[in-house]
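First comes the structure, then the notes that go with it.
The values are calculated or read from the model by the stated rules, or taken from the named source; none is laboratory data. Remember, predicted model here, so these are calculated numbers, not experimental data. Counting neighbours? That spans all protein chains shown, and the Cβs are built from the backbone with ideal geometry, glycine included. Accessible surface areas use protein heavy atoms only, side chains included; no ligands, DNA or RNA. Shrake-Rupley method; radii C 1.70, N 1.55, O 1.52, S 1.80 Å.
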Amino acid sequence: MTNRIGILTSGGDCGGLNAVIRAATFRAIKDYGWQVYGIKDGTLGLIKDPLDVIELRLEHFDGHLMRMGGTFLGTNNKGNPFRYKQKNGSIKDLSSKVISGLHKLKLDALIGIGGDGSMKIMQKLTKKSGINFVGIPKTIDNDVMHNELSIGYDTAVDVATNALDMLQPTAASHRRTMILEVMGRDAGYIALNAGIAGGADIILIPEIKYSLSSISAHIEKIRSAGRNHALIVVAESVRKENGSRATIKYIDGEVRLGGIGTYLGDEIYRRTNTETRVTVLGHVQRGAQPTHRDRLIASVFGVHAVDLIFQKKFNRVVVWQNRGVTDIDLNQIAGKSKTVKIKDPLIKVAKGLGIYVGDI
């Protein structure tokens with residue numbers, strides 16, 4: 001019989017994580033009478049001595065937690081236990097230590113909340129340890145394969161849309177081209193959806209090539225029609241016209257995506273003599289208060305994940321398909337991602353609205 005389950009969040013934070021932890025805890029305790037343990041900071045909580053784990057109780061969820069962004073359990077996106085980077089820069093395999101921590105907890109099953117990369121890691125860990133596993137997809141990029149809605153995506157799009165709403169008046173006031181750089185490591189879903197909803201004139205995503213000459217011509221077309229400003233939204237992973245990535249090197253030596261907005265701003269000014277300004281949303285998209293849809297999806301996913309454990313259906317991932325919740329085999333998701341396709345209906349919508357979305 002199932003008596004003890006664990007929950008952890010892995011990868012980047014996003015809106016809705018506290019809601020899914022709440023839903024899973026409520027279902028497990030109120031309906032099945034199980035004990036629930038929250039593992040702190042993803043797998044990092046399992047390599048500490050003593051283990052950094054708390055027993056979750058109903059009183060932890062006093063009403064405000066589901067309204068908060070982030071995850072109160074903590075998370076990490078640098079803690080791959082199979083390739084854990086030490087302070088001296090060396091790489092060490094700590095998977096056995098993580099597995100030892102899971103066994104110390106005497107869990108009957110583990111719920112892991114993460115994206116495709118986290119699912120791949122959890123797949124390897126649970127297979128090696130023999131721990132029963134159920135996954136829940138969360139990523140602001142919405143790029144988990146076979147899943148229509150991931151936790152955190154709706155909030156990220158909402159923040160980006162609101163940013164465009166606030167940039168438009170100042171763009172018009174100063175006759176500027178405003179560039180909004182949003183997150184999107186490999187997929188352009190945030191940029192595409194927010195760009196349409198926020199009335200952008202140009203949407204640039206990593207899946208579709210563009211040309212600076214076409215962008216300049218589109219801006220000139222807008223100006224010649226009598227409008228004195230333009231809005232551009234660009235995903236952070238869009239490459240420069242020559243194919244190179246725009247990156248920033250931080251003081252810790254890590255190189256991360258960033259700077260494509262500034263690159264575009266300089267090039268557009270050079271070609272059109274239009275004053276440009278760049279806004280980088282960054283982690284504002286992650287830490288915002290979750291939207292109603294993210295809270296709903298999180299609640300549905302959390303309850304369904306616990307029900308899968310009750311039914312002893314393991315190595316499954318909860319997904320949203322055809323306007324409803326279901327689950328699929330972990331192998332179909334782990335390490336796999338989806339991107340925007342040229343034939344995506346929203347590409348057609350964007351073009352129908354006169355938005356430049358690349359040279360297609």
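Annotations for the structure displayed:
- Only one residue of V53, A19, G42 has its Cα farthest out toward the positive end of the dipole of segment 1-74, where Lys and Arg carry +1 and Asp and Glu -1 on Cβ, and that residue is A19.
- Taking the longest Cα principal axis of the chain as reference, the axis of helix 116-129 is set at about 20 degrees.
- Per residue accessible area in Å² of the chain, where ligands, DNA and RNA are left out and the probe is 1.4 Å: 45 Å²
- Sorted on the mean count of surrounding Cβ atoms within 10 Å across their residues, most packed first, peptides 61-72, 280-291, 33-44, 240-251 read 33-44, 280-291, 61-72, 240-251.
- Each label was represented as a point 7 Å from its Cα along the Cα-to-Cβ direction; for Q289 and S244 these points are 4.4 nm apart.
- A straight Cα-to-Cα reach below 30 Å connects K343 with the lysines K120, K138, K209, K221, K240, K351, residues fewer than 8 places away in its own chain not being considered.
- Cut-off 11 Å, label 7 Å out along Cα→Cβ of Y32, residues of segment 107-125 by amide N: 108-111
- Partners for K341 among aspartates and glutamates (Cα-Cα distance below 13 Å; same-chain residues under 8 apart left out): D143, D186, E207
- Scaled radius of gyration (Cα, divided by 2.2 N^0.38 Å) that the chain gives: 1.07
- Cα-based helix-to-principal-axis angle, 260-272 vs the chain, degrees rounded to 10: 10 degrees
- Given charges at Cβ of Lys, Arg, Asp, Glu: segment 171-213 dipole, positive-most of I208, A187, A171: A171
- Over 21 Å (Cα to Cα) - which of K97/K336; K97/K127; K48/K106 fall in this group: K97/K336
- At q = 0.10, 0.11, 0.16 Å⁻¹ the log10 of I(q)/I(0) for segment 9-121 amounts to -0.30, -0.37, -0.76, computed by Debye summation with a single uniform scatterer per C-alpha, solvent ignored.
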